[in-house]
1. Lysines near LYS241 by alpha-carbon distance under 30 Å, same-chain residues fewer than 8 away left out - which ones?
2. Which net charge results when you count Lys and Arg as +1 and Asp and Glu as -1 among the other residues whose beta-carbon is under 13 Å from that of ARG224?
3. Of PHE239, PHE77, which has the most accessible area with a 1.4 Å probe, and how do the rest follow in descending order?
4. Per 0.36 nm of contour for each residue apart, how much would the distance between ARG233 and ASP67 grow if the chain were fully extended, relative to their Cα-Cα spacing?
5. With only alpha-carbon atoms in the gyration tensor, what are the semi-axes of the equivalent ellipsoid for the chain, in Å, largest first?
6. To one decimal place, what orientation-averaged projected area in nm² is obtained for the convex hull of the Cα set of region 1-113?
7. May I ask you to rank PHE161, PHE240 by accessible area, largest first, using a 1.4 Å probe over the protein chains only?
8. Within region 1-44, what residues put their amide N at less than 14 Å from the label point 7 Å along the Cα-to-Cβ vector of SER54?
Amino acid sequence: MLMQRIVILGATSTMIQPLLRMMAKEGKELLLVARSQERLDAVRADLLARGAASVLTLEADLTASPDLVYSFAEQCFPGFDTLLLSYGTMLDQTRCQVDGEYAVRELHTNFVSAVALLTLFAKHFESRHSGTIAVITSVAGERGRRSNYVYGAAKGGLSIFLQGLRSRMHGFGVRVLTIKPGPVRTAMTAGLHLPMIASTESVSRDIYRALEKSHREVIYTPRRWRPVMTVIRALPEQFFKRLSI
Ligand SMILES: NC(=O)c1ccc[n+]([C@@H]2O[C@H](COP(=O)([O-])OP(=O)(O)OC[C@H]3O[C@@H](n4cnc5c(N)ncnc54)[C@H](OP(=O)(O)O)[C@@H]3O)[C@@H](O)[C@H]2O)c1
């Protein structure tokens, strides 16, 4: 068993609700961080009823106070062995194209604030010489597309940051797991017509399996996105820029 005490940053994310239920069923201990105490309370009650060994909550805007979140975890939930970062936003790309501050807000939420938190939490894992840092990025971060390149740039930057962090943590026995979902039916994608959209249940199963297997470092979920992205990355720019995707 690789994980027992897990910190979740973005615990009200739709994508990971089935994952949290799987963790609860296996009797895990959880620290849930999100920005709505009311929703945290509802998730907490559900997970306790399903068998979680313990569920602690912290209400916090994850883009605002990384130090506070990190010290709370260290003081109130010591010895945690796994971190899962799952929060994010997908703001309106059309507005990102004309409103610089709005575009920067998207980068701040999906990239800058995640880097701030991961940098703090890395200290914990470095000193315990074990554990897993798992982060949800996106296939959108693999190539800039006209329909969502600001979001994609943030997720791509985050994936590159994780590559470097993985290399740095390698010598300390700490695993860094990059999770790259394709489109998933969640609050974030409500009302959008997206190809090959997956359910939160199947994506959660893939994430749970990867968390429990020490050798997984980069996963695509569903798995079919790995060959698809190999093709997308290989397309020549001269051709790719003409695609209306
Ligand atoms: N859905 C997809 O197709 C898809 C595909 C690839 C990757 N992803 C990534 O998967 C992750 C989970 O997204 P989802 O699909 O589950 O969407 P979601 O249901 O909208 O979840 C996003 C979560 O992020 C939280 N969040 C946003 N800004 C925050 C902040 N400043 N402080 C604290 N929490 C904040 C939201 O909290 P509130 O509810 O309080 O706003 C929400 O719980 C995200 O990183 C997303 O980018 C999603």
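The values are calculated or read from the model by the stated rules, or taken from the named source; none is laboratory data. Nothing here was measured: the structure is a model prediction, and the numbers come from that model. Heads up, the Cβs are rebuilt from the backbone with ideal geometry, glycines too, and the neighbour counts pull from every protein chain shown. Calculation scope for accessible area: heavy atoms of the full protein, side chains included, ligands and nucleic acids excluded. Shrake-Rupley method; radii C 1.70, N 1.55, O 1.52, S 1.80 Å.
1. Straight-line reach from LYS241, under 30 Å: LYS155, LYS180.
2. Values: positive: LYS180, ARG223, ARG226; negative: ASP206.
With Lys, Arg at +1 and Asp, Glu at -1, the net is +2.
3. Numbers: PHE239 105, PHE77 5 Å².
Sorted descending by solvent-accessible area, the residues read PHE239, PHE77.
4. On the way: separation 166, 0.36 × 166 = 59.76 nm, distance 3.67 nm.
Computed gain between ARG233 and ASP67 is 56.1 nm.
5. Numbers: eigenvalues 165, 75, 69 Å².
They are 29, 19, 19 Å, listed from largest to smallest.
6. On the way: hull surface 29.8 nm².
Average of the hull's projected areas for region 1-113 equals 7.4 nm².
7. Working: PHE161 55, PHE240 10 Å².
Ranked list, largest accessible area first: PHE161, PHE240.
8. Those under the cut-off are 4-7, 28-32.
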